[in-house]
Amino acid sequence: MSIWDFVVAYGPRIADGTLVTIVQFLLATLVAIAVALVMGLGKLSGNWLIRTPAVVYIEIFRGTSLLVQLYWIFFVLPLFGITLDKFTAGFLSVGLNIGAYGAELVRGAIQSVPKGQWEAAYALSMSPAKRMRRIILPQALAIMLPPWGNLLIELLKGTALVSLIAVADLMFQARQINASTFLSAQAFGIALLVYYVLARFLVTPFMRWLERVVARRLGRA
């Protein structure tokens, strides 16, 4: 079967899987950003009751496999009375995993803000929350955006694992097509190309645009 005939025959299934992958990516990204912000700030807290859970979370989710975490969330949590549908378990597990890495980016970026900025905000008698929101976080955002671009590409690739719990994403469709046709080169070749296009022409340009926007707002453009 030629590649064109393959696309005509299985294109709709590939397109459906791609749409599911994009939705999984977007939802997992929201989870990852929220978790990274909360846990990154938590790790910087002077209160050990806040700092300890953040450190434990970061170490566990960074130190164990995403695949194992996925299986735990989908197969083991129901044993404790927490049952999630496969779609939710998919993006939640990917988001929680990447969020642990993002938390370290948030922490590092905040600590990279020049000490003079902290002292100036303190001299203006700003509250800690206002100081963080108005002075520190905007500058930290400019520092953390470039590594976040790489992290989001890793998140996109990580969504391929949700096919292992039967979420009908791009990789699930490619595996199903391969199992019924044995056309491995076509099935996985197109999947590879789609992942590359999503990363290279959607995620990367968006993050670079966001970097320019933040730089302009900070007067660095």
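The values are calculated or read from the model by the stated rules, or taken from the named source; none is laboratory data. Everything quoted here is computed from the prediction, not taken from an experiment. When we count neighbours, we look across all protein chains shown, and the Cβ atoms used for this are built from the backbone with ideal geometry, even at glycine. Heavy atoms of the whole protein, side chains included, go into the accessibility calculation; ligands, DNA and RNA do not. Shrake-Rupley method; radii C 1.70, N 1.55, O 1.52, S 1.80 Å.
Observations, loosely collected:
- Qualifying residue in segment 59-69 (condition: of a type in the set (Asp, Glu), over 18 Å from the mean Cα position of the chain (by Cα) and open to solvent by 10 Å² or more (accessible area, probe 1.4 Å)): no
- The residues in segment 207-221 that are open to solvent by 100 Å² or more (accessible area, probe 1.4 Å) and touching a residue at least 60 places away in the same chain (Cβ under 8 Å) can be counted, and the count is 2.
- Checking MET1 against (1) open to solvent by 80 Å² or more (accessible area, probe 1.4 Å); (2) modelled with pLDDT of 95 or more; (3) farther than 15 Å from ALA103 by Cβ, the condition it does not meet: (2)
- For LEU124, the criteria (1) within 30 Å of ALA168 (Cβ to Cβ); (2) surrounded by fewer than 19 Cβ atoms within 10 Å (Cβ to Cβ) hold in every case but one, which is (1).
- All positions within segment 24-49 that are touching a helix residue (DSSP H, G or I) at 6+ places or on another chain (Cβ under 8 Å), loosely packed, with under 15 Cβ neighbours inside 10 Å and either at pLDDT 95 or above or basic (Lys, Arg) (or both): LEU30, ALA34
- All of (1) open to solvent by 10 Å² or more (accessible area, probe 1.4 Å); (2) closer than 30 Å to ARG208 by Cα hold for TRP72 with one exception: (2).
- Residues located in segment 167-206, provided they are in contact (Cβ under 8 Å) with a residue 12 or more places away in the chain and within 30 Å of VAL113 (Cβ to Cβ): ALA199, VAL203, THR204
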